[in-house]
Amino acid sequence: MRKILGSLLIALLLTACGSEENGQEKQFNTDKKVETKSETQNELKEMEQLEKKIATVAKEPQKAVTPPTKKTEQATEKLAKNIFELTTIEGKKLHVDEALNGITFQEHKDKIVLLIFFGYRCPPCLKEIPAITKLVAEKGDKLAVIGMEVQRLPEEQLKTFTANKKINYTVLSGENTENSKFISYIAERARWTGSIPFLVGIATNGEVGVVHVGGMGLGEFKTVFDNLEKQSKQ
């Protein structure tokens, strides 16, 4: 996985709300996960050991040897699986896999996913909550909304906040360590500087179709959903 951003970026995520970026569409980095230096060294050692094994058995043509390319492909495939295990405020787990053009949530396969980063004291974030709840009620099992609170409201207070706002979708706390790492990961791939609300719209195949900074109304959310639905059918 790419090296996650440092504490400076985390500070930005916790304090930002609106900015000149509001209303902008962004791009999502389509590169797959990059191995760390240690992972690369381990892979090289494995390859060296495999090459020695091939050299040893080369004198015994009756024995089959697995080509290095096959092993490399299998290792690359494994790197894309279960890169994060997120925890909701209800204690449930969400498992994230990395896709070539986005990410997938194991618990929400075959659904359109709206990943929304918000803050409990961010006016545009609060304004769009009713629109999101209406969208969830309307779309039913076709849609999964995952809200990540990034202004570090303590989890117990976040539970009360969620109940008071009658939020009918999944909410996660940025205070959780693994959740925080996921925030940094998304920030890096989407080149997000921390302004909220921030939306990543994901088609059913895991491909990111929308990256948007700034608040939206119900009509705009419906348009995002419709576009992602069309993308999913292509």
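To the nearest 20 debye, what charge dipole does the stretch 120-190 have about its Cα centre, counting +1 at the Cβ of each Lys and Arg and -1 at the Cβ of each Asp and Glu?
260 debye
How far, in nm, would the chain grow between T193 and N168 when pulled straight, counting 0.36 nm per residue and subtracting the alpha carbon separation?
Extending this stretch completely gives an extra 6.2 nm.
Please report F118, F198, F105 as a ranked list, fewest other C-beta atoms within 10 angstrom at the top and most at the bottom.
So the ranking, lowest neighbour count to highest, is F105, F118, F198.
Shape call for the stretch 174-227 from the C-alpha gyration tensor, a ≥ b ≥ c root eigenvalues: rounded (a/c under 1.5), prolate (a/b greater than b/c) or oblate?
Taking the square roots of the gyration eigenvalues as a ≥ b ≥ c, the stretch 174-227 is prolate.
Please list, in chain and number order, the residues 5+ apart from R152 or on another chain whose amide H is under 5 Å from its amide H, with Hs placed from the backbone.
G174
Computed FRET efficiency, Cβ-Cβ of L126 and E85, R0 35 Å: what is it to the nearest 0.05?
The calculated FRET efficiency here is 0.75.
Convert each backbone phi in the stretch 93-100 into a coupling constant with the Karplus relation 6.51 cos²θ - 1.76 cosθ + 1.60 (shift: θ = phi - 60°), then list the ³J(HN,Hα) values in order as whole Hz, x for Gly and Pro.
9, 10, 9, 9, 10, 8, 10, 4
At each listed q (0.12 Å⁻¹), what is the log10 of I(q)/I(0) that the Debye formula gives for the stretch 128-229 modelled as equal alpha-carbon point scatterers?
For the stretch 128-229, the Cα-only Debye profile gives -0.41.
Over 28 Å between C-alpha atoms is what I'm after, so list which of K111/K159; K81/K181; K92/K230; K109/K166 land there.
K92/K230
Efficiency by 1/(1 + (r/R0)^6): what FRET value for K134 and Q234, r their Cβ-Cβ distance, R0 = 35 Å, to the nearest 0.05?
Once the sixth-power term is evaluated, E becomes 0.80.
No value in this document is a laboratory result; all are computed from the given coordinates. Predicted model only: the values in this text are computed from it and were never measured. Reconstructed Cβ throughout: ideal geometry from the backbone, glycine too, with neighbour counts over all protein chains shown.
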